[in-house]
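Down below is the structure, laid out as structure tokens.
The values are calculated or read from the model by the stated rules, or taken from the named source; none is laboratory data. Quick caveat, the model's predicted, so the values are computed rather than measured. A quick note on method: Cβ atoms are made from the backbone with ideal geometry, for glycine too, and the neighbour counts reach across all protein chains shown. The area values use the complete protein model at the heavy-atom level, side chains included, leaving out ligands, DNA and RNA. Shrake-Rupley method; radii C 1.70, N 1.55, O 1.52, S 1.80 Å.
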Amino acid sequence: MTAKVISICNLKGGVGKTTIVMALAEYLAGDTMYKKRVLAIDLDPQSNLTSALMSEEVWEKEFNNRGLTLPFLFKNPEYFLDSAKNEKFIAKNNISNVRNNNSFSHLHLIPSSPRLFEIQEDLPSGYYSLNLKPVELLRTILKPLLNNYDYILIDCAPNINTIVKSAFLASNACIIPCVPNRMSIHGLDLLLEHIEKFNKDFEHSLQPVGTLISRYNGTLAQTENLNFIIGHPFFPTVFQTKIPERAKIAESLDWSIELTYKQKYGGDAHESMVKLTKEFIQRVGR
């Protein structure tokens, strides 16, 4: 079976998007959890997912200095589409520091770098030697890899540009994180409009599998906004699992320490992530 490709996206920053991608990758792939074959892709030039899943030393020496991060993929696709080099940009070892009483048989990462800020502003109209448009590149890159994974999770930047559209075109579905406040709700509404337009423009069928409530603290204002999201006839169905406001991952960036899931995410958030992963599998399949 081929991988399910899922974009995690929103137009409003600060909704916990990267934490959700990281957690899903770690909980799906963990040998003490679901033992799934997972590829995470950091498509956000802020590169927070890359920093959270691999050490800076490995990133710099083995990937960035060697031109094996996402900006180089979009700049020089001919190199990466060569079958002999197709998987060189995939980090396959020492991904995640959740290795205290846990291991990962198949957790991989395509790392990014801040240079993606420059690349996304200077993409060509087409890769003429490949007869490809930039929006088609990620789908083309992933096609020969689909049988190697159960899930491919794409951490999208909080905007709509050609690189984010390339994730949409490569994806079967998307998850939209949303903080239950008015700004995030406007971002959710606007993103759904863009997805509808994208599907028409590219004859695609990207479908949201759900709205995921994040940074939830249960205040009266949040509860009112949550009820609005749940009751809105055009919003995707809301995940039963909510990600709490107090989810903590600060110590996760210390690569000298191997952590348990509870140490990395905190007790309450750990339980939420376990439930989220189970619900994710139920909604997406496999």
**Request:** Between L39, L212, L142, find the one with the highest GNM mean-square fluctuation for the chain; connect C-alpha pairs within less than 10 Å.
**Result:** L142
**Item:** By average C-beta atoms within 10 angstrom, highest first, the peptides 152-164, 187-199
**Value:** 152-164, 187-199
**Item:** For the chain, with +1 on Lys and Arg beta carbons and -1 on Asp and Glu, the positive-most of T162, Y261, N64 along the dipole
**Value:** Y261
**Fill in**
For segment 1-108, averaging the sequence separation of alpha carbon pairs under 8 Å that lie six or more residues apart and dividing by its residue count, the contact order in percent is 33 percent
**Prompt:** Taking the inverse of the average 1/r across all pairs of different Cα atoms in segment 1-115, what Kirkwood radius in Å do you get?
**Reply:** 14.8 Å
**Prompt:** Based solely on its DSSP helices, what 222 nm [θ] is calculated for the chain when runs of n ≥ 4 H residues each add -39,500 (n - 2.57) and the sum is averaged over all residues, nearest 500 deg cm²/dmol?
**Reply:** -11000 deg cm²/dmol
**Request:** With +1 on each Lys and Arg Cβ and -1 on each Asp and Glu Cβ, and nothing else charged, work out how big the dipole of the chain is about its Cα centre, in Debye to the nearest 20.
**Result:** 600 debye
**Message:** At a threshold of 8 angstrom on Cα-Cα distance, excluding pairs fewer than six apart, so keeping six or more, what relative contact order does the chain reach in percent?
**Reply:** 26 percent
**Message:** For the ranges 6-19, 215-228, what's the packing order if you count other beta-carbon atoms within 10 Å of each residue, average per peptide, and put the highest first?
**Reply:** 6-19, 215-228
**Prompt:** Taking a probe of 1.4 Å, how large is the accessible area per residue of segment 30-79, in Å²?
**Reply:** 45 Å²
**Asked** Nearest 20 debye, what's the magnitude of the dipole of segment 4-66 about its Cα centre given +1 on Lys and Arg Cβ and -1 on Asp and Glu Cβ?
**Response** 380 debye
**Request:** Only bridges with both residues in the chain count here: give the DSSP antiparallel percent, nearest 5.
**Result:** 10 percent
**In Hz, Karplus ³J(HN,Hα) per residue of segment 20-29 (6.51, -1.76, 1.60; θ = phi - 60°; x = Gly, Pro)** = 5, 4, 4, 5, 4, 4, 6, 7, 5, 8
**Request:** Any chance you could run the full-extension gain for D254 through M1? It's 0.36 nm times the residue separation minus the Cα-Cα distance, nm to one decimal.
**Result:** 87.5 nm
**Fill in**
Expressed in angstrom and ordered largest first, the alpha-carbon extents of the chain along the principal axes are 56, 46, 35
